[in-house]
Every structure is written in C-alpha cells, then in structure tokens.
1. Please enumerate the residues belonging to segment 21-38 that are among the small types (G, A, S) and touching a residue at least 24 places away in the same chain (Cβ under 8 Å).
2. If the Cβ limit is 7 Å and pairs must be 6+ apart or interchain, which residue in segment 39-54 that is without any contact (Cβ under 8 Å) to a residue 60 or more places away in the chain pairs with which residue that is part of a loop (DSSP other than H, G, I, E, B) and among the hydroxyl-bearing types (S, T, Y)?
3. Out of the helices (runs of 4 or more DSSP H) lying entirely within segment 26-113, which hold 1 or more residues that are at pLDDT below 85 and surrounded by 12 or more Cβ atoms within 10 Å (Cβ to Cβ)?
4. Cβ contacts < 6 Å: first residue assigned to a helix (DSSP H, G or I), restricted to segment 1-17; second residue modelled with pLDDT of 80 or more, any location; separation 6+ or different chain. Result?
5. Filter segment 4-17 for residues that are modelled with pLDDT of 60 or more and of a type outside the set (G, A, S) and give the result.
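The values are calculated or read from the model by the stated rules, or taken from the named source; none is laboratory data. The structure displayed is predicted, hence computed values, not measured ones. Methodologically, a virtual Cβ is constructed for each residue, glycine included, from the backbone with ideal geometry; neighbour enumeration extends over all protein chains shown.
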Amino acid sequence: MTQATVLYHRQRASKTRKEILCTSMDIASAEGLEGLSIGRLATELQISKTGIFAHFGSKEQLQLTTVDAAKHVFLEQMVQPALIRLRNSCGSESNASSTTLTNCSRFILHPLK
C-alpha cells in the first residue's frame, strides 16, 4: 500500500468512528446505555456488526467511549462557555474570587479520577 492509500484508510476509519460515536451518543442520551448495542448501531448506520466491533472491541468499550465522548461534548458546549461568561462577569473583582473561579474551572475541566 502506498502512503497516500494508508492515509486515506486512516481518515476514512476516523470518520466512521466519529459517525458511530455521534449515533451512539444520540441513542444513549434518549434511551440510556441499555438502548445502545452493536447490532442497533450496525442497523442504523448500515455497517456490519464486525465493522462496529472493529472500532471498539466490545459493547463495554463502546459504552465507555460513548460516555467519554458525551462528557467532552458537554464540557465543550456547556461548561466552557459558562466559565468564560463567569470569568468575564468577574472582571476586576477581588483576587480571592479569581482564584476560586480558577480552581473551580480546573476541577470541572479535569476532575479527580
């Protein structure tokens, strides 16, 4: 395989994985993780079960990856804009308020594991 062919296959695989994750987040947000299965995704995306399995390896890994992807979407679309508005509204308030805001931001964006 040429380098261009390999790059094409990697880009295609990345696109497919993103499509799977978007659909899995939609299903999980509406029905919970119980409604999420490799068979259902294969049917909805018109991809073989083997194709879905190749991206995640197991139903458990699919579920974990879906939750992680949803967390990133939530942080990006909800938390970060709220923190920016909060930071902007604090303006030139006390240094203690600024420190508290910074610590809260760090915890929300990078929680303890």
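1. S24, A28, S29
2. That search, which allows pairs on different chains as well, returns A42/S48.
3. Those helices (runs of 4 or more DSSP H) span 80-90, 95-109.
4. R17/H55
5. Residues satisfying the conditions are H9, R10, Q11, R12, K15, T16, R17.
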